[in-house]
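Step one of this worksheet: look at the structure below.
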Amino acid sequence: MISIEEAVAVLKQNLPPRKTETVAVESALQAVLAGDIVAPEPSPRFTNSAIDGFAVRWSDVGPAARGEAVNLTVVGESRAGHPYTGA
């Protein structure tokens, strides 16, 4: 068995480079971004967000789409101004 690093190196050596193209946003469904997107200014423009939310993985909640019950476990939390670092 080879290490993950060795496997990645083998893939990089043997896969052809991906072609890139510029497309309009409305034509980009199912496309893969070729580079990072960076906001020109902070959003929101202040240091507080009034929105609470939950992050879940589709693999954990997918059965609910079929009407099956799912149990979720809280693995961490982040307070305003403090990013979640447990991942």
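The values are calculated or read from the model by the stated rules, or taken from the named source; none is laboratory data. Please read these numbers as outputs of a predicted model, since none were measured by experiment. All Cβ positions, even for glycine, are placed from backbone atoms using ideal geometry, and neighbour counts span all protein chains on display.
Table for the structure above
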read-out: Top-ranked residue in region 2-20 [being surrounded by 10 or more Cβ atoms within 10 Å (Cβ to Cβ) and of a type in the set (A, V, I, L, M, F, W, C); ranked as nearest to GLN30 (Cα to Cα)]; value: VAL8
read-out: Subset of region 29-81 that is more than 20 Å from the chain's Cα centre (by Cα) and hydrophobic (A, V, I, L, M, F, W, C) - its residue that is nearest to LYS19 (Cα to Cα); value: ALA65
read-out: Top-ranked residue in region 69-87 [being surrounded by 10 or more Cβ atoms within 10 Å (Cβ to Cβ) and modelled with pLDDT of 85 or more; ranked as nearest to PRO42 (Cα to Cα)]; value: LEU72
read-out: Top-ranked residue in region 1-29 [being assigned to a helix (DSSP H, G or I) and of a type in the set (Gly, Ala, Ser); ranked as nearest to THR73 (Cα to Cα)]; value: ALA7
read-out: Unmet criterion (only one of (1) in contact with a helix residue (DSSP H, G or I) (Cβ under 9 Å, 6 or more places away or on another chain); (2) outside any loop (DSSP other than H, G, I, E, B)) for ALA64; value: (1)
read-out: Qualifying residues in region 8-54 (those that are hydroxyl-bearing (Ser, Thr, Tyr) and closer than 30 Å to ALA80 by Cβ) - the one modelled with the lowest pLDDT; value: SER49
read-out: Qualifying residue in region 30-42 (condition: surrounded by 10 or more Cβ atoms within 10 Å (Cβ to Cβ) and in a loop (DSSP other than H, G, I, E, B)); value: yes
